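Below is one structure, written out as C-alpha cells; the observations come after it.
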Amino acid sequence: MEKGDFLDEVHVRILRVTEDLRAIQQTLNCAAMQAPSDPELMEALCQLPEIDSLQVLKSALDQMRHFLWFYMQVMTNESEEGDRLRQSLGQKALADGMISPRVAAAEKFKRAADTALLQYLSDGKVRKPN
C-alpha cells in the first residue's frame, strides 16, 4: 500500500470514527435528558451491560487521547527536542539488537501489545470485553 493510500484510508477512518462518536454523544445526551422522566429507561440505562459498554468506550477513548497527545507532541514539535525524540525513537528500534535478549523480548511484547490495542481501537467492530 502506498503512503498516499495509507494516509487517505486513515483520514477516512478518522472522519468515520469522529462522526460515530458525535452520534453516540447525541444519543446518550437524549437518553440522559429523557431518563429522569422515564423510570423504565432509567432502569435500562443503569443495567450492567450498558454500564460495561460505556466503561469499555471510556477506556478506549482515554487510551486514544493519551496516544494522540503523545503522537501530536512527537509529530508537531519542530524544536530540537522534538527532533531528538523522533531520532531516539528510531534509534531505539535499531538498538534493540544490542541490548540483552530478555529486555529486547520485553520491548517487542510491549510494542506488540500497543499495536494490538491500536488495532482494537481502530476497528469499527463492536467487541465484547474479555
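The values are calculated or read from the model by the stated rules, or taken from the named source; none is laboratory data. All of these numbers come straight from a predicted model, not from anything done at the bench. We place every Cβ from the backbone using ideal geometry, glycine too, and count neighbours over all the protein chains shown.
Annotations for the structure displayed:
- Here A32 meets the list (1) modelled with pLDDT of 65 or more; (2) within 15 Å of the chain's Cα centre (by Cα) almost entirely, failing just condition (2).
- Selection from region 47-64 of residues that are under 17 Å from I24 (Cα atoms) and of a type outside the set (S, T, N, Q): P49, E50, I51, D52, L54, V56, L57, K58, A60, L61, D62, M64
- Residue identified as touching a residue at least 12 places away in the same chain (Cβ under 8 Å) and surrounded by 10 or more Cβ atoms within 10 Å (Cβ to Cβ) among Q26, Q63: Q63
- Matching option when the condition is surrounded by 11 or more Cβ atoms within 10 Å (Cβ to Cβ), in contact with a helix residue (DSSP H, G or I) (Cβ under 9 Å, 6 or more places away or on another chain) and either at pLDDT 90 or above or closer than 26 Å to E9 by Cα (or both), among V126, V56, V74: V74
- Those residues of region 29-60 which are touching a residue at least 24 places away in the same chain (Cβ under 8 Å) and either of a type in the set (V, I, T) or not in a helix (DSSP H, G or I) (or both), in sequence order: V56
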